[in-house]
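Q: Right, I'll just put the structure down here and ask away after.
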């Protein structure tokens with residue numbers, strides 16, 4: 001009996017513990033515990049020196065209903081929604097073409113989507129700022145060509161922030177779409193058109209349902225980060241198009257009210273949970289979000 | 001309009017769309033590269049004052065920028081090694097063994113992937129502050145490993161889905177011990193998944209802005225240095241370094257995946 005348990009320990013329990021132990025510990029200590037701590041902190045108060053004190057209060061949550069905050073939530077959701085819709089509308093036809101092309105440069109076309117993202121995202125957003133600014137390239141060229149006489153004021157608008165978000169998150173829409181469209185079976189499209197379906201009908205009844213999973217994954221990967229990307233609205237929106245991420249960042253950096261920042265992040269956590277649940281309900285595969 | 005003509009307009013429209021997308025994707029990078037040759041010396045370094053290579057030399061006098069870049073590389077290397085070891089072992093263990101709480105670990109794995117980075121950043125910051133770990137290199141590495149491990153696991157797991165465990169039994173029947181089997185049978189089979197995961201971890205670590213921003217203390221990384229200089233205008237030496245990094249990565253990819261550009265992938 002004893003030797004049996006010993007053998008079991010040596011052959012199963014020990015190797016399992018060695019292999020799964022580190023990742024389990026890591027995830028519990030650095031993912032689960034910090035998130036629980038944020039939840040706890042959102043019910044804490046601060047003393048006059050801005051130190052967090054464990055004094056139970058729901059004030060932080062009352063603060064969340066401030067009119068100025070609600071305006072930012074709405075603005076943030078609108079920006080995220082617009083970003084997601086634009087990403088779908090541009091990425092879908094684009095990905096459809098590069099995923100189904102018979103060109104011998106197919107893999108190069110794919111790599112060309114990835115390569116820009118090896119340059120740091122901040123640098124690229126700054127590149128846009130220099131391009132769009134009043135003394136930037138775009139205005140200089142348009143003025144040289146006498147198309148405009150005054151430089152266009154393109155920065156620090158909500159539209160500029162949306163543009164920056166679309167730019168940053170575009171590949172996260174392209175990648176899942178590329179996988180979904182790549183799996184499309186051409187014979188199904190032929191069958192559909194042989195049976196008399198017009199181009200649009202084939203698209204709506206065959207192509208779209210078969211690639212919907214890619215669209216859903218893309219939406220999750222674009223919409224959620226958009227709510228937190230404070231640096232895009234900082235650089236391109238100049239404070240006129242804050243997202244929820246900006247509110248949190250301020251409480252943890254300049255505002256120094258961590259419990260309020262924690263309560264604000266609970267909003268993001270709840271939105272994430274709801275959307276992921278929805279995604280799973282529609283049959284979304286969690287693994288396709290990661291690769 | 002006939003079917004042929006319609007197809008042609010469709011294909012022309014498609015080409016224009018793809019062209020615009022690629023131009024937009026590369027335009028800010030072109031701005032960065034061109035500005036790295038800009039002879040201007042006054043903030044915000046945007047007006048074109050002629051062509052110069054100076055910034056590529058001045059870059060090597062900018063110690064804070066070089067230190068930040070060095071930190072980024074050290075963090076990325078250590079993160080990649082740790083995340084790859086922890087992730088690979090975890091993925092294999094979770095595939096081979098059944099144990100209590102497996103679904104909980106599985107669920108925890110998805111959190112760093114779907115949750116907004118800012119939430120990860122502040123939650124780690126609050127815990128580091130609570131247990132008084134001085135913020136700096138160490139906390140940056142811990143934070144980076146945390147968001148990289150899931151990606152390593154997903155990549156290794158994708159490779160494992162077609163993995164036949166009986167070849168390990170065969171290896172042990174033939175006299176190899178557990179470690180030799182792991183090293184000479186399991187690992188080689190999983191190598192493509194592990195490499196892909198490691199590369200992804202490295203890329204994610206170098207590029208991270210948001211999470212690093214909250215846990216860095218006084219240690220600067222390259223993206224954070226850029227962030228700090230954006231308000232006053234990014235100096236052309238930062239553009240020069242970015243251009244060098246871009247050229248470096250492109251050369252690396254051509255050397256390691258050169259076949260990508262020659263062969264047609266199916």
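Q: Exactly one condition in (1) modelled with pLDDT under 85; (2) within 25 Å of residue A:233 (Cα to Cα) is not met by residue A:145; state its number.
A: Every listed condition holds for residue A:145 apart from (2).
Q: Which one is surrounded by the most Cβ atoms within 10 Å (Cβ to Cβ) among residues in the stretch A:144-168 that are without any contact (Cβ under 8 Å) to a residue 40 or more places away in the chain and within 13 Å of chain B (Cβ to nearest Cβ)?
A: A:151
Q: Select from the stretch B:131-175 the residues that are over 21 Å from the mean Cα position of the chain (by Cα) and either within 25 Å of residue A:230 (Cα to Cα) or in contact (Cβ under 8 Å) with a residue 60 or more places away in the chain (or both) and list them in ascending order.
A: Selection gives B:134, B:135, B:160, B:163, B:165.
Q: Given (1) within 8 Å of chain B (Cβ to nearest Cβ); (2) touching a residue at least 60 places away in the same chain (Cβ under 8 Å), where does residue A:130 come up short, assuming only one miss?
A: That leaves (2) as the condition not met.
Q: Also, quick follow-up: Here is a list: A:124, A:104. Which entry is at the interface with chain B (Cβ under 8 Å from one of its Cβ atoms) and part of a helix (DSSP H, G or I)?
A: A:124
Q: Turning to a different aspect of this structure: Just to check your reading of the model, which residue among A:188, A:184, A:204, A:210 is modelled with pLDDT under 90 and not in a helix (DSSP H, G or I)?
A: Answer to the selection: A:184.
Q: How many of the residues in the stretch A:79-101 are more than 7 Å from every other protein chain (Cβ to nearest Cβ) and without any contact (Cβ under 8 Å) to a residue 40 or more places away in the chain?
A: 3
Q: Only one residue in B:92, B:74 is under 20 Å from residue B:200 (Cβ atoms) and more than 17 Å from the chain's Cα centre (by Cα), so which one is that?
A: B:92
Q: What is the number of the single condition among (1) in contact with a helix residue (DSSP H, G or I) (Cβ under 7 Å, 6 or more places away or on another chain); (2) facing chain A (nearest Cβ under 9 Å) that residue B:167 does not meet?
A: With respect to (1) in contact with a helix residue (DSSP H, G or I) (Cβ under 7 Å, 6 or more places away or on another chain); (2) facing chain A (nearest Cβ under 9 Å), residue B:167 is out only on (2).
Q: Identify, from the list B:46, B:124, the residue that is within 13 Å of another protein chain (Cβ to nearest Cβ), buried (at least 21 other Cβ atoms within 10 Å of the Cβ) and either in a helix (DSSP H, G or I) or touching a strand residue (DSSP E or B) at 6+ places or on another chain (Cβ under 7 Å) (or both).
A: Only one candidate passes the filter, namely B:124.
Q: Right, something else. At least 1 residues that are in the same structural domain as residue B:215 (by TED's automatic domain parsing) in each: list the helices (runs of 4 or more DSSP H) lying fully within the stretch B:50-115 that qualify.
A: Filter on the stretch B:50-115 gives B:63-96, B:102-114.
Q: Among (1) under 25 Å from residue A:123 (Cα atoms); (2) modelled with pLDDT under 95; (3) surrounded by 14 or more Cβ atoms within 10 Å (Cβ to Cβ), which single condition is residue A:253 missing?
A: The failed condition is (3).
Q: When you scan the stretch A:1-68 for helices (runs of 4 or more DSSP H) that lie fully inside it, which ones turn up with 2 or more residues that are more than 26 Å from residue B:153 (Cβ to Cβ)?
A: The helices (runs of 4 or more DSSP H) meeting that bar are A:2-8, A:33-41, A:59-63.
Q: Can you list the helices (runs of 4 or more DSSP H) lying wholly within the stretch B:182-248 that have 1 or more residues being without any contact (Cβ under 8 Å) to a residue 12 or more places away in the chain, closer than 26 Å to residue B:113 by Cβ and more than 9 Å from every other protein chain (Cβ to nearest Cβ)?
A: Filter on the stretch B:182-248 gives B:187-207.
Q: In addition: Has the stretch A:275-286 got at least one residue that is within 8 Å of chain B (Cβ to nearest Cβ), within 30 Å of residue B:228 (Cα to Cα), part of a helix (DSSP H, G or I) and in contact with a helix residue (DSSP H, G or I) (Cβ under 9 Å, 6 or more places away or on another chain)?
A: No, the stretch A:275-286 has no match at all.
Q: Looking at the stretch B:107-115, is at least one residue modelled with pLDDT under 95 and exposed (fewer than 15 other Cβ atoms within 10 Å of the Cβ)?
A: Checked the stretch B:107-115: at least one residue is modelled with pLDDT under 95 and exposed (fewer than 15 other Cβ atoms within 10 Å of the Cβ).
Q: Sticking with this one: Please work out if residue A:218 is away from chain B (no Cβ under 12 Å), within 30 Å of residue A:247 (Cα to Cα) and crowded, with 19+ Cβ neighbours inside 10 Å.
A: It is true that residue A:218 is away from chain B (no Cβ under 12 Å), within 30 Å of residue A:247 (Cα to Cα) and crowded, with 19+ Cβ neighbours inside 10 Å.
The values are calculated or read from the model by the stated rules, or taken from the named source; none is laboratory data. What you are looking at is a predicted structure, and each value in this text was computed from that prediction instead of being measured. Heads up, the Cβs are rebuilt from the backbone with ideal geometry, glycines too, and the neighbour counts pull from every protein chain shown.
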